[in-house]
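First the structure, in the form of C-alpha cells, and then the observations on it.
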Number of protein chains: 2
Amino acid sequence: MAVSARECARRLQTLSSQERSKILLDIADALEAKEEEILAENEADVAAAQQAGYENSLISRLAMKPGKISSLANSVRVLANMDEPVGRILKRTELADGIILEKTSSPLGVLLIIFESRPDALVQIASLAVRSGNGLLLKGGKEAKRSNAILHKVITSSIPPTVGERLIGLVTSREEIPELLKLDDVIDLVIPRGSNKLVSQIKAATKIPVLGHADGICHVFIDKSADLDMAKRIVLDAKTDYPAACNAMETLLVHEDLVQTGGLNDLILELQEKGVSLFGGPKASSVLSIPEANSFHHEYGALACTVEIVEDVNTAIEHIHRHGSAHTDSIITEDKEVAELFLRQVDSAAVLHNASTRFSDGFRFGLGAEVGISTSRIHARGPVGVEGLLTTRWLARGSGQVVDGDKEIVYTHRDLNLEA
Amino acid sequence: MAVSARECARRLQTLSSQERSKILLDIADALEAKEEEILAENEADVAAAQQAGYENSLISRLAMKPGKISSLANSVRVLANMDEPVGRILKRTELADGIILEKTSSPLGVLLIIFESRPDALVQIASLAVRSGNGLLLKGGKEAKRSNAILHKVITSSIPPTVGERLIGLVTSREEIPELLKLDDVIDLVIPRGSNKLVSQIKAATKIPVLGHADGICHVFIDKSADLDMAKRIVLDAKTDYPAACNAMETLLVHEDLVQTGGLNDLILELQEKGVSLFGGPKASSVLSIPEANSFHHEYGALACTVEIVEDVNTAIEHIHRHGSAHTDSIITEDKEVAELFLRQVDSAAVLHNASTRFSDGFRFGLGAEVGISTSRIHARGPVGVEGLLTTRWLARGSGQVVDGDKEIVYTHRDLNLEA
C-alpha cells in the first residue's frame, strides 16, 4: 500500500501544475455531485455513535453540518488555484562557467496521516497531498468509518488512471498502524492529528519523523511595566478563547512588583469570574491563597491554569525553559528592551510580544492551510503550512564539467537570485 | 553533559553576533599559540597507531601535516567573518493592523557529532557550532584520543565564562554513545561523519534525527544522444576522481542504441584502462562479457562499478528509483527534453545534467562549510551547509491583539518581504 502510494506519487509529480490543479477541481465537483451519498453515510456514523453512547463533543465533531460539503469543495478549489508549491526555485547559483545549480522545492514522498473523529480532515489532507505531489496513507477514527470510506471513494475516483487511485490509501483497521509505523524506508512523515496522547503514542512507536506536538504548555509573562488592561485582555483571551487548544495559556507568570501594586489581584479576580480555576506555584499559592499546583509542566486543556510569581524577565525565561514545552510563549510589557530580550532568548517555536498565544496557528499566521503545529526543531517548527509537506532537491545543469581534483575548474559561486 | 551543553548554548545565543565572532577569533589565535603542544599530542597518537599496526590510510588521516594548524586557524577566521547565520529574518508578514510576524533562523540546540580518525574535523565542527549558536557533544575516534583532547582543551579555554566551557563536551568512551543516543529530549541532531557502517549503526540505534547518508549509490545514465567524448570524461571523473567518496559513480546505465554504435565499447575500454573493474547487469554482462553483479544496490567505494544497458530514459529512471539510494544521479545527453524529464523525475537529493556526480558536495555547491550530505528528506537534503544546524522560530510583535473567536480582528497577511 505504501509502495503503491509512492509509485503513484512519482507519477503525480510528472504532471504539470495545471494537471494537478485539474484533479483538485474534479475532486471539488465530485464532492458536490455526491453530497447526498456522503451525508447519508455521515448520518449513519452519527446515529451509530449516538447509539454507542459517545459523548456529545465527539458526535458534534463527527457530524457534517449543512453547507459543510460545499464549503469543503470551495476550500479544495482555493488549493487548486494557489501558487504551485512544487518546483519553486529557492536558490540559484552559478557554480562555475556553464554550470548552474538550483535548489527547488519537491514533494516529501509518502505521508501517513492519523486523525480522529472529524471526517472533513480527510478532504483537507487529501487535497493538500495532491497539491504538494505527495502520496498519502490515511487512518481515520473508527466512529467516522462510513463517512471516511465514502469521502475516500469520491476523492480517489477523481484521480486519473495515469496517476492511479492508490495515490491515497485508506487504512481501515487499527491493527495495521504498528506495521505502517515500521516502514521508515517508504513513509517519509507521520502527521498525527488528535489528542496529545495519540501524538505521544505515535512518537514512541516509530522511527519515521513525526510532525506534531505532544504538549502545548504555553506561558504568558506579565512584566512589571505591562499595560495592565492589555495584560488582562490578553490573558483572558489566551486562556478562555478556546481552552482545549494547544496554544491556550496554561501558566501565567507575573512579575513580583505587581503583587504590591494590586495588578495581580485584579487579574486573578477577573480570571475567577470567567470560571477559570487557579493553581499556584509555591509563591503564588501562599500570596493568593489558591491551591498548590502539582507540577509546572502541566497542560490543563480546560478552564484552569497555573499562576506563579517571578522576580524578573530572566527568571521568567528560566521558568519557561525548565517547565515549558517550547510551543508558544508571550510577554506583556511596555518596555521594548525587556520584550526584545524575551523574544531573543525564549527558545520556543513561537514567541510573542503583547499578543495572545492563540495567534500561534497556521491560518492566523497566514500560511493558508495548516498541516499541524510542530514542536520538533527538525524540518518544520511552529504552525506548519504546505511547506511542511515539501523537501528540496538540488538540480544542476552543466555542459560537461568534471571535478578532476578541482585542479582546473574555477568556482564562481555567483548568487543568481540577487540578479533576478 | 547534554543538559549543560544546552544551558551554555542558550547563553551563547544571548551574545551578539560580534561576540560570537570574537570567540571564534580567540579560538583561531589559541590554536596557533598552542601549535607545538597540539602537534606533540598528535605525534603521540600517530606513533601509537603505527605501533598498533593500523593501516596506512588511517594513519594518514590521523596525522596533522605541517601547516595544518594555521590552515585550520584560518578557516576558523573565515567562519568568524561570515554573515551571521542566526537571527536572519526569512519571512515577514503583517498579520493584522499593529501585529508583525517574523520567521527567523535560530540554533537547533544541541548537536552530537560522532567522527572517525581526522582530528581536524573536531576544529571544523566546534567552530561551526559556535558560529551557529549550538551546543555540542563530540565523540572522536579512539586512535585520535590525545589530539582530540588537546584540541578540545584549546578550544574550550577560549570560550568565555559567561557562556561556559561545557558548551562543547568531549565524550571519551565508546560506552557513553548508546546512552547519549537515548537523549532525544536534549539532543536535537546527530551527525555521524565516517563510514556507511557507522551511519547505519547510529540510525538504527536512535530516535534522534540523524543527518547523514548510509549509502551513496550514484548513477550516471548515458542517453543515446549524448556527446560521447563528454560522456567519457564525466564517467571517468565520476568513478576515478575519488572512488571512495559517497558521490562517486557506482552504476553506469547506458542507452541500448549505444551498443550498436560502438559508443559503449569505447567507454568500457577506457574504464578498464584506468583500472576500473566492471560488473554487469543481466544485459551488460552478456553483451560485454564481464562478470555479473550480485546486486544493483551496491556501493563499491573503490575502482569498480556496475554497468547495465537500458531501453531509454524512462527505464533508466525506474532503475534508479528501484536500486539507487536517492543520493546523486546524473544524465549525459544533448537532448534538452530528455534532460529535463530526468531532472524533473529522478527523486534524488541531487540530480545533474552533463556534469560529474562528484560536484554533489558542500564546498563545490558553494555552501561554505559542509556539515554533511543528507539522503533524508526531512530537514536538509543533499549537501548541507551551516543551515543544517539551524531551525526557525516565529516571533510576533503586537500591540495588545487578542483572537476572541476571530470576531473583530481583520487579518491582512501582508507580505512585508516584497516591500523591503
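The values are calculated or read from the model by the stated rules, or taken from the named source; none is laboratory data. Remember, it's a predicted structure, so these values are computed and weren't measured experimentally. Cβ: placed from backbone, ideal geometry, glycine included. Neighbour counts: every protein chain shown. Remember, those area values only see protein heavy atoms, side chains included, never the ligands or the DNA or RNA. Shrake-Rupley method; radii C 1.70, N 1.55, O 1.52, S 1.80 Å.
Below, the figures for the structure above:
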quantity: Rotational relation B to A, axis-closest Cβ in chain B, residue and distance rounded to whole Å; calculated: B:His379, 2
quantity: Prolate/oblate/rounded label for the protein assembly as shown (Cα gyration tensor, a/c 1.5); calculated: oblate
quantity: Neighbouring partner chain Cβ atoms per residue of B:2-9, average, 10 Å criterion; calculated: 1
quantity: Convex hull (Cα only) mean projected area of the stretch A:79-231, reported in nm² to one decimal; calculated: 16.0 nm²
quantity: Cα lying deepest toward the dipole's positive end in the stretch A:288-420, options A:Ile378, A:Asn314, A:Val351, charges on Cβ; calculated: A:Ile378
quantity: Most to least packed among A:208-220, A:230-242, A:294-306, B:47-59 [average Cβ atoms within 10 Å]; calculated: A:208-220, A:230-242, A:294-306, B:47-59
quantity: Positive-end residue, the stretch A:1-127 charge dipole about Cα centroid, Cβ charges, pick of A:Gln13, A:Ser70, A:Val123; calculated: A:Gln13
quantity: Net charge, A:Thr315 excluded, C-beta distance under 13 Å - Lys, Arg +1, Asp, Glu -1; calculated: -4
quantity: Spread of Cα-to-Cα distances over 5 Å intervals beginning at zero, given as percent, for the stretch A:218-359; calculated: 2, 12, 23, 27, 23, 11, 2
quantity: Radius, Kirkwood style, for the stretch A:50-162 when every pair of distinct Cα atoms is counted (Å); calculated: 16.6 Å
quantity: Residue pairs, from the table A:Lys22/A:Lys65; A:Lys182/B:Lys91; A:Lys207/B:Lys91; B:Lys34/B:Lys145, whose Cα atoms sit over 29 Å apart; calculated: A:Lys182/B:Lys91; A:Lys207/B:Lys91
quantity: Residue-normalised accessible area of the stretch B:218-359, given per residue in Å² at a 1.4 Å probe; calculated: 38 Å²
quantity: Carbon and sulfur %, accessible surface of the stretch A:218-359 computed with the full protein complex present, 1.4 Å; calculated: 46 percent
quantity: For the stretch A:265-290 and the stretch B:1-52, distance of Cα centres in Å; calculated: 49 Å
quantity: Given charges at beta-carbon only (K, R positive; D, E negative), |dipole| of the protein assembly as shown in Debye; calculated: 860 debye
quantity: Under-5 Å amide H pairs with B:His379, H placed in peptide plane, nonlocal only; calculated: A:His379
quantity: Peptides B:87-96, B:109-118 ordered by average Cβ neighbours within 10 Å, highest first; calculated: B:109-118, B:87-96
quantity: Size descriptor, Kirkwood hydrodynamic radius, that averages inverse alpha-carbon separations across the stretch B:82-129, Å; calculated: 13.9 Å
quantity: Other-copy label distances relative to B:Glu387, 7 angstrom Cα-Cβ extension, nm; calculated: 1.0
quantity: Check: chain A dipole with +1 on Lys, Arg Cβ and -1 on Asp, Glu Cβ, in debye; calculated: 1440 debye
quantity: Unit charges on C-beta of K, R, D, E only; dipole of the stretch A:218-359, Debye; calculated: 360 debye
quantity: Neighbourhood net charge (9 Å Cβ-Cβ; Lys/Arg +1, Asp/Glu -1) for B:Phe363; calculated: -2
quantity: Inter-centroid distance (Cα atoms) of the stretch A:386-415 relative to the stretch A:159-210, Å; calculated: 34 Å
quantity: With Cα atoms, 0 to 90° folded angle of helix B:196-205 axis to chain B main axis; calculated: 50 degrees
quantity: 16 Å Cα-Cα reach of B:Lys142 towards aspartates and glutamates, excluding residues that sit fewer than 8 places from it in its own chain; calculated: B:Glu41, B:Glu43, B:Asp45, B:Glu55, B:Glu116, B:Asp120, B:Glu175, B:Glu176
quantity: Interface burial for B against A (accessible surface, 1.4 Å probe, total of both chains, Å², rounded to 100); calculated: 6000 Å²
quantity: Count of lysine pairs in the stretch B:218-359 with Cα separation under 16 Å (8 or more residues apart, or interchain); calculated: 4
quantity: Cα gyration tensor category, rounded, prolate or oblate, for chain A with a/c compared to 1.5; calculated: oblate
quantity: Degrees separating the helix B:228-240 axis from the principal Cα axis of chain B, which is the longest one; calculated: 60 degrees
quantity: Share of carbon and sulfur in the accessible heavy-atom surface of the stretch A:77-127 [1.4 Å probe, %]; calculated: 48 percent
quantity: Pseudo-label separations to other copies for B:Asp257 - Cα-to-Cβ vector, 7 Å, nm; calculated: 8.0
